[in-house]
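Reading through the structure tokens given below for one structure.
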């Protein structure tokens, strides 16, 4: 097993740590593994091995001989556990055990990273209402929406999330999903629909945008694009563009925003199948758009720092 595959294995263990992934999330993780199969032929098998417990966490840990590799593996596991919000008790136990197995109990850098990622996840959870009453009738017919302004908002979120994916700091990707949730909330609100995190996460899952699987996909592209060598050598710098080739989170965010716009504009009448087909149909054009907007994405990445990202997640303007 290579160090890259060992870290992917540890990340998959983290994805299943709380035991609460529903069938849709597992299916999305499986699709991610298969979609990366051409780049990482062993990944579909690793997914099956972790799911059916044919490999052990210790076996993956033992492959990571360098401190930088072990720190990176821990960072990825933290991010995967934070991807769907504040960690569960099971995820906390998993991360504490992993930290010990990796020999990082006294590592200040690993502890500081975990604290920063956890704070970001907690801020995202606190930034939106935990519960909201769903309106009994479609609200779209009773409101006037500036479609051009809403399209601009969606584009701004897509550029921001593309920029976050290009940042070298691993924790930056933790902000992508909370910002997608916030974007959908703003779209719903524009059409007079008050949403909470539960409704929005259910919407994302129905569309086919997994929380854990989306982060795993971002991380997998970076890792297989050469990120590990740069991290282990402590020469991260501006590695994002070289590692990913392009900010794919732009396309996912843009397509998600456009589907949400159609859904709430139509009074939430789209079926699950139509939602999924619409999202997949929009991904292709969105990927073409990301090529067009890549200079803006890269420029945005150069202006972001930890404080700005935290403010944006908490509720600051784009």
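Structure above, values below:
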item: Filter result for residue 223 (part of a helix (DSSP H, G or I), within 23 Å of residue 309 (Cα to Cα) and modelled with pLDDT of 75 or more); result: no
item: Count of residues meeting criterion [surrounded by 15 or more Cβ atoms within 10 Å (Cβ to Cβ) and in a loop (DSSP other than H, G, I, E, B)] in the stretch 142-157; result: 1
item: Helices (runs of 4 or more DSSP H) wholly inside the stretch 6-87 containing at least 1 residues that are at pLDDT below 85 and within 19 Å of residue 248 (Cβ to Cβ); result: 23-35, 43-51, 67-82
item: Test: residue in the stretch 119-130 that is at pLDDT 75 or above, surrounded by 15 or more Cβ atoms within 10 Å (Cβ to Cβ), in a helix (DSSP H, G or I) and over 20 Å from the mean Cα position of the chain (by Cα); result: no
item: All helices (runs of 4 or more DSSP H) inside the stretch 237-318 with 2 or more residues being surrounded by 18 or more Cβ atoms within 10 Å (Cβ to Cβ) and at pLDDT 85 or above; result: 249-265, 272-292, 294-303
item: Within the stretch 64-85, tally of residues that are under 19 Å from residue 216 (Cβ atoms) and surrounded by fewer than 18 Cβ atoms within 10 Å (Cβ to Cβ); result: 1
item: Subset of the stretch 158-183 (residues that are part of a helix (DSSP H, G or I) and modelled with pLDDT under 80); result: 170, 171, 172, 173, 174
item: Pairs, first at positive phi and touching a residue at least 60 places away in the same chain (Cβ under 8 Å) in the stretch 187-200, second surrounded by fewer than 16 Cβ atoms within 10 Å (Cβ to Cβ) and in a helix (DSSP H, G or I), C-beta under 9 Å, six or more apart; result: none
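The values are calculated or read from the model by the stated rules, or taken from the named source; none is laboratory data. Small disclaimer: the values here were computed from a predicted structure and weren't measured. Quick reminder, even Gly has a Cβ in these numbers, built from the backbone with ideal geometry, and neighbours come from all protein chains shown.
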